[in-house]
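Everything below concerns the one structure shown next.
The values are calculated or read from the model by the stated rules, or taken from the named source; none is laboratory data. For clarity, every value in this text was computed on a predicted model and none was experimentally measured. Neighbour counts are summed over all protein chains in view; Cβ atoms, including those assigned to glycine, are modelled from backbone coordinates with ideal geometry. Only protein heavy atoms, including side chains, enter the accessible area calculation; ligands, DNA and RNA are left aside. Shrake-Rupley method; radii C 1.70, N 1.55, O 1.52, S 1.80 Å.
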Amino acid sequence: MRVIAGKCRSLPLKTIDGLDTRPTTDRTKETLFNVLQPWIPGGTFLDLFSGSGAIGIEALSRGARKAVFVELSRKAAACITDNLAFTRLEEDAVLMQESVQAALGKLEGGEAFDCIFMDPPYEKGLEKEVLVYLSDSGLLQGGGVVVVEASLQTGMDYAEELGFVIVKEKRYKTNKHVFLQKI
């Protein structure tokens, strides 16, 4: 796995051994960031369920002003720390090693994010929990975007009830990215 574009282009990133995380393929990452381009340069990026940190690091490499990484796993948080040090992006990054719900509560009232990305474990309903929280939160900048990486079977028919509109959905072989904005 590597950084696709920007100031850290082609730098290799560490991943976590085992099946606890699903690293995003380079092709999928490239497609994702082609869609996210309007929100990245100079923007703020929140990477929830960060894993190795590859998505937030890609955002920083492509010009995000700041990225906050939220990851509960000690092993994954160590991987993020190593990847940030190797890419020399740690100055623009904050790592919160705690649950996503706890981190969201701590971030509330601070700077709003232009882009909130989440890649929770599949089929556990965690993306809905986060969207419920965000629906009543000031964490998403006006005009900002939320991206959910989910299995192909994950439905989001509740999004409108929570005050979100699905603006785009990109489907891949085994998963999808759903792009949402507040109504």
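Among the residues of the range 46-61, are any open to solvent by 20 Å² or more (accessible area, probe 1.4 Å), in a loop (DSSP other than H, G, I, E, B) and free of Cβ contacts under 8 Å to residues at least 60 places away in the same chain?
No, that holds for no residue.
Within 18 Å of K7 (Cα to Cα), part of a strand (DSSP E or B) and either among the β-branched types (V, I, T) or modelled with pLDDT of 95 or more (or both) - does that describe any residue in the range 32-42?
No, the conditions are met nowhere in the range 32-42.
So which of F86, F69 ends up being open to solvent by 60 Å² or more (accessible area, probe 1.4 Å) and either touching a residue at least 60 places away in the same chain (Cβ under 8 Å) or under 23 Å from P12 (Cα atoms) (or both)?
Testing whether each residue is open to solvent by 60 Å² or more (accessible area, probe 1.4 Å) and either touching a residue at least 60 places away in the same chain (Cβ under 8 Å) or under 23 Å from P12 (Cα atoms) (or both) leaves just F86.
Which one of the conditions (1) open to solvent by less than 50 Å² (accessible area, probe 1.4 Å); (2) touching a residue at least 24 places away in the same chain (Cβ under 8 Å); (3) out of contact with any Leu (no Cβ under 6 Å at 6 or more places or on another chain); (4) under 19 Å from L140 (Cα atoms) does A102 fail to meet, given that it meets all the rest?
With respect to (1) open to solvent by less than 50 Å² (accessible area, probe 1.4 Å); (2) touching a residue at least 24 places away in the same chain (Cβ under 8 Å); (3) out of contact with any Leu (no Cβ under 6 Å at 6 or more places or on another chain); (4) under 19 Å from L140 (Cα atoms), A102 is out only on (2).
What's the total number of residues in the range 130-143 that are surrounded by fewer than 20 Cβ atoms within 10 Å (Cβ to Cβ) and without any contact (Cβ under 8 Å) to a residue 60 or more places away in the chain?
So the count comes out to 8.
Inspect all residues belonging to the range 12-24 and state whether any of them is open to solvent by less than 10 Å² (accessible area, probe 1.4 Å) and out of contact with any Gly (no Cβ under 8 Å at 6 or more places or on another chain).
no
When the range 149-183 is examined, which residues are found to be among the charged types (D, E, K, R), open to solvent by 40 Å² or more (accessible area, probe 1.4 Å) and either touching a residue at least 60 places away in the same chain (Cβ under 8 Å) or within 24 Å of E30 (Cα to Cα) (or both)?
Within the range 149-183, K168, E169, K170, R171, K173 meet the criteria.
Quick one: V146 ticks every box in (1) under 20 Å from K170 (Cα atoms); (2) open to solvent by less than 10 Å² (accessible area, probe 1.4 Å); (3) in contact (Cβ under 8 Å) with a residue 40 or more places away in the chain except a single one, so which number is it?
The number of the failed condition is (3).
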